[in-house]
Amino acid sequence: MIVLGIETSCDETGIALYDSQKGLLSDALFSQIDMHIDYGGVVPELASRDHIQRVLPLINEVLDQAGISKEQIDAVAYTRGPGLVGALMVGACIGKALAWAWGIPSVGVHHMEGHLLAPMLEETPVDFPFVALLVSGGHTQLVQVGGIGRYRLLGESVDDAAGEAFDKVAAMLGLDYPGGPAIARLAEQGQEGRFRFPRPMTDRPGLDFSFSGLKTFTLNTVAKCKQEAGVTELAEQDRADIARAFEEAVVATLTIKCRRALQQTGMKQLIIAGGVSANKSLRAALEAMVEKEGAVLRYARPQFCTDNGAMIAYAGCQRLLAGQSDGPEVVPVPRWPMEQLEPVS
Ligand code: ATP
Ligand code: MG
Ligand code: FE
C-alpha cells in the first residue's frame, strides 16, 4: 500500500510517500521559519495561508522523487490534530479532496502519534512495548506504549513544553526562533559549571515536568549578569554560559524522569521523539543513562524529529492497514489527548 502523507499542523508543510512494503519512497518539506522570524513565533493566519500554497507543489515533488504517478497512491493520511486549527484545516481539506477525487480512502492522523512512531522509519527495529518521551514545541510527555494506539500517559508538563522553554529562553538571549538548535549551538561555547540551574520537580516522586520556573530563573540570571557587569547587553561568553546551564538543566531533568519511568514500568526500551529529541546533549545523556539501566534508546534521524510528512504517512499507513479510515466529513481536532486513540495492535 502506498500512502501519501500530509502534515500541516503548525509551521512546516511536510509531504511524503510511504510504501508498506518498500518503506519510505520520498519526502519533502517546506519550513515557514523565515516567514515567522520577525514575529518571534508562529502567526497562525500566515501559517494557514502559506500551507495552501505549498501542499500541491510538494505533492508533485514527492511523486517526481519517487518516480511514481498519482494513480499509484492507495490512500491519503493527513494530520487531524492537535495543532493550529486553520493550518490543520488546510491539510485535512486538501487531503480529503484528493482522496475523494481519486476514489481512495483517507485517514486523519494524530500529530503526536506521528512523532512517536517516527523512529520506526529508521532501520534499527523498535519493538513494542516501550516508554516514549515526547518532547516537542507543544508537548512534554512520558507515555507507556503497548502498541499502536495503546498509550498510557505516565506524566507530562504542568506548564511549558520543553521545546517552548528552549524557544523562550532563546528569545531572552537574543537568538532567533526556533530556539532549540540556536541554544544548542551557543551552549557548545559555554563554560561548564559557571551557573547551576534548578532541575524542576526532580526532588519529589512522580513523572510530571515543569519548565516555566526554569525560564524565570534564566531571566533572573540574565538580569543579574547585566547588573553585575553594569551593561545593557550581555557579553557573548555570558550568553553562552547561560545557554549551557539552561540546556544542562533541561537535559538532566528529562534524563532523571526517563530513568524513573523505565524503573517504574520495568521497560527496557526508551523512545524519544519530537523536535527536542534532535538535541545532541539530550541523546548523549540518555544513552549513558539507558546503558546503566540495561535498556536501549531509539530515535529518528534529525529531520524526522521535527515536523515532517514521513511520520504522518507512516502512522496513517499502520492505521489504514488495520482497516481504519475516515468518513466524508472534515473535522480537525485542535486539542486531542492521545489516550483517546483507537488501539490498532
Ligand atoms: P508539537 O509537536 O508539540 O505540536 P511542534 O510541532 O511545534 O509542537 P516540533 O516540530 O516537534 O514541535 O519541534 C519543534 C521544537 O523543537 C521547537 O521548540 C524547537 O526549538 C525544538 N528543537 C528543535 N531542534 C532542537 C534541538 N537541537 N535542541 C533543542 N530543541 C530543539
Ligand atoms: Mg515547527
Ligand atoms: Fe510536532
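The values are calculated or read from the model by the stated rules, or taken from the named source; none is laboratory data. The model shown is predicted, which means the values in this text are computed figures rather than measured ones. Please note: Cβ atoms are built from the backbone with ideal geometry, for glycine as well, and neighbour counts cover all protein chains shown. All accessible areas refer to the heavy atoms of the entire protein, side chains included, with ligands and DNA or RNA removed. Shrake-Rupley method; radii C 1.70, N 1.55, O 1.52, S 1.80 Å.
The set of residues in the stretch 137-163 being in contact with a helix residue (DSSP H, G or I) (Cβ under 9 Å, 6 or more places away or on another chain) and of a type in the set (Asp, Glu) consists of 159, 160.
Of the residues making up the stretch 165-174, those that are part of a helix (DSSP H, G or I) and open to solvent by 10 Å² or more (accessible area, probe 1.4 Å) are 167, 168, 171, 172.
Among all residues of the stretch 57-73, there is none that is assigned to a helix (DSSP H, G or I) and within 23 Å of residue 134 (Cα to Cα). Does residue 3 qualify as being of a type outside the set (Ser, Thr, Tyr), more than 16 Å from ligand 1 (Cβ to nearest atom), closer than 18 Å to residue 94 by Cβ and part of a strand (DSSP E or B)? Here the answer is yes, as residue 3 does meet what is asked. Looking only at residues of the stretch 12-26 that are open to solvent by 10 Å² or more (accessible area, probe 1.4 Å) and in contact (Cβ under 8 Å) with a residue 24 or more places away in the chain, we find that the one that is nearest to ligand 3 (Cβ to nearest atom) is 12.
Got a sec? Which of 110, 36 is away from ligand 2 (no atom under 15 Å from the Cβ) and within 24 Å of residue 180 (Cβ to Cβ)?
Going through 110, 36 in turn, the sole match is 110.
Summed over the stretch 131-159, residues that are over 17 Å from residue 255 (Cβ atoms) and within 16 Å of ligand 2 (Cβ to nearest atom) total 4. Scanning the stretch 34-65 for residues that are more than 16 Å from ligand 3 (Cβ to nearest atom), among the hydrophobic types (A, V, I, L, M, F, W, C) and buried (at least 19 other Cβ atoms within 10 Å of the Cβ) yields a count of 5.
For the stretch 117-148, the set of residues classified as within 14 Å of residue 301 (Cβ to Cβ) and open to solvent by 10 Å² or more (accessible area, probe 1.4 Å) consists of 120, 121, 122, 123, 124, 126, listed by residue number.
Each row is one residue, and each column tells you yes or no for (1) over 26 Å from residue 304 (Cβ atoms); (2) in contact with a Leu (Cβ under 6 Å, 6 or more places away or on another chain).
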position: 187; (1), (2): no, no
position: 211; (1), (2): no, no
position: 218; (1), (2): yes, no
position: 221; (1), (2): yes, no
position: 234; (1), (2): yes, no
position: 240; (1), (2): yes, yes
position: 246; (1), (2): no, no
position: 274; (1), (2): no, yes
position: 278; (1), (2): no, no
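One residue stands out in the stretch 175-184 among those that are near ligand 1 (Cβ under 7 Å from one of its atoms) and touching a residue at least 40 places away in the same chain (Cβ under 8 Å): the one that is least open to solvent (accessible area, probe 1.4 Å), namely 183. Taking the stretch 77-104 as the range and being farther than 25 Å from residue 45 by Cβ and not in a helix (DSSP H, G or I) as the test, the residues that pass are 77, 103, 104. The criterion of at least 3 residues that are not assigned by the TED database to the domain that holds residue 269 is met by the following strands (runs of 3 or more DSSP E) wholly inside the stretch 105-164: 106-110.
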